[in-house]
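Values in this text are rule-based calculations from the coordinates and carry no lab data. Fair warning: this is a prediction, and the values are worked out from it, not measured in the lab. Ideal geometry is used to build each Cβ from the backbone, glycine not excepted, and the neighbour counts take in all protein chains shown.
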């Protein structure tokens, strides 16, 4: 049986879910690429229902492989990678998929800039000169990729393939990460941002076709990517991000409120009732944003009852809108319908903004710091 080194130079983390058919092809190629280097392979498995444990046990007789099973997986592939990094012992940490789309033969090229001090983080890229992909993408898939890359630009700079799952970094760089909050598949983007790496280098790779099994990419994962970006914007721009999100929610709610307000006026409702009822519709819109907010930021919220706080804030701003409408109808002469709308909604929105800050309903750079042991629960060994 292959003995695992107590102090390997390189740790290769491979997240898996039902990849038993691919692992026997992957490990010999990794071993050949290591060319005698002292390394370990950590298979981090999200409780697969196939023969992954048996396959790894057999391969451990020949290769330095260790299986870590997450019996209660959390945060998808990103969480699995961070489990592996927490257990890794190597000076250099490499991450790759098990489906053979990432070429193990490029591991040496991935590590070279780290060893030479030319980079803090190295990515295998499909898009730099010399890179390629075996998949044939349609127009929609290409646009989707370009938009996703553009949205990541504030964190990734001019990196061409920030969504790559084939990358390497020094262990000391990983240990310097702040507030890791993995979500979905794009763990490289998370690490580039939270480790605050200075120099990123890309090496060209050929991104192959999946050898066996099924792709884990889905529409749900694409929405999780947007939620992940939201967290990264909060972290990177702790002052601007909450304000921009507040403005987006406000514009959406005002547009709906204005449409309802004008309809109520045409229906004969008076200057007090129309803006008051219309603001109720605006609150319904903000509920949609609050659902997303609570779902994606629950572990970072300081106050324990975000929906109760939301109800208090909504009641206060609705009352403010109604009182402003009553005052305007009695004290402001010759005001147009639009002026009344702007006055009532403006006062109500100001109340919302002030109370949201008082109830801490924004994420000022993910103000609640999670300890590293809370970010990554200890993996079980098998």
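A few comments on the model shown:
- Within a Gaussian network of the chain (alpha carbon springs, distance under 10 Å), most fluctuating of 244, 205, 12: 244
- Segment residue 329-residue 105, extension gain: residue separation times 0.36 nm, minus the distance between their alpha carbons: 73.1 nm
- Cα-based radius of gyration for the stretch 10-215, normalised by 2.2 N^0.38 Å, reads 0.96.
- Separation between Cα centres of the stretch 7-60 and the stretch 319-343, rounded to whole Å: 68
- On Cα atoms only, tilt of 23-34 relative to the major axis of the chain in degrees: 70
- Computed over the chain, Cα set: Rg, Dmax in Å: 25.9, 90
- Taking every alpha-carbon pair within the stretch 240-358, the share separated by more than 18 Å comes to 50 percent.
- Label-point gap, in nm, between residue 291 and residue 72 - each point 7 angstrom along Cα→Cβ: 2.7
- Proxy reagent accessibility, fewest Cβ within 10 Å first, across 66, 49: 49, 66
- Sorted fewest first by neighbouring Cβ atoms within 10 angstrom, 122, 95, 351, 128 come out as 128, 351, 122, 95.
- Note on residue 252/residue 312: beta-carbon distance plugged into 1/(1 + (r/R0)^6) with R0 of 25 Å gives a FRET efficiency of 0.70.
- Here r is the Cβ-Cβ distance between residue 222 and residue 58 and R0 is 51 Å; the resulting FRET efficiency, rounded to 0.05, is 0.90.
- Difference of contour (0.36 nm per residue) and Cα-Cα distance, residue 336 to residue 118: 72.0 nm
- Maximal additional length on extending the residue 175-residue 7 stretch stands at 58.8 nm, based on 0.36 nm per residue less the C-alpha distance.
- Each of 83, 330 was scored by other Cβ atoms within 10 Å of its Cβ. Listed from fewest to most, they are 330, 83.
- Residue 303 paired with residue 51, simple spin-label distance in nm, labels 7 Å along Cα-to-beta-carbon: 5.6
- Measuring between their Cα centroids, the stretch 67-81 and the stretch 237-313 lie 36 Å from each other.
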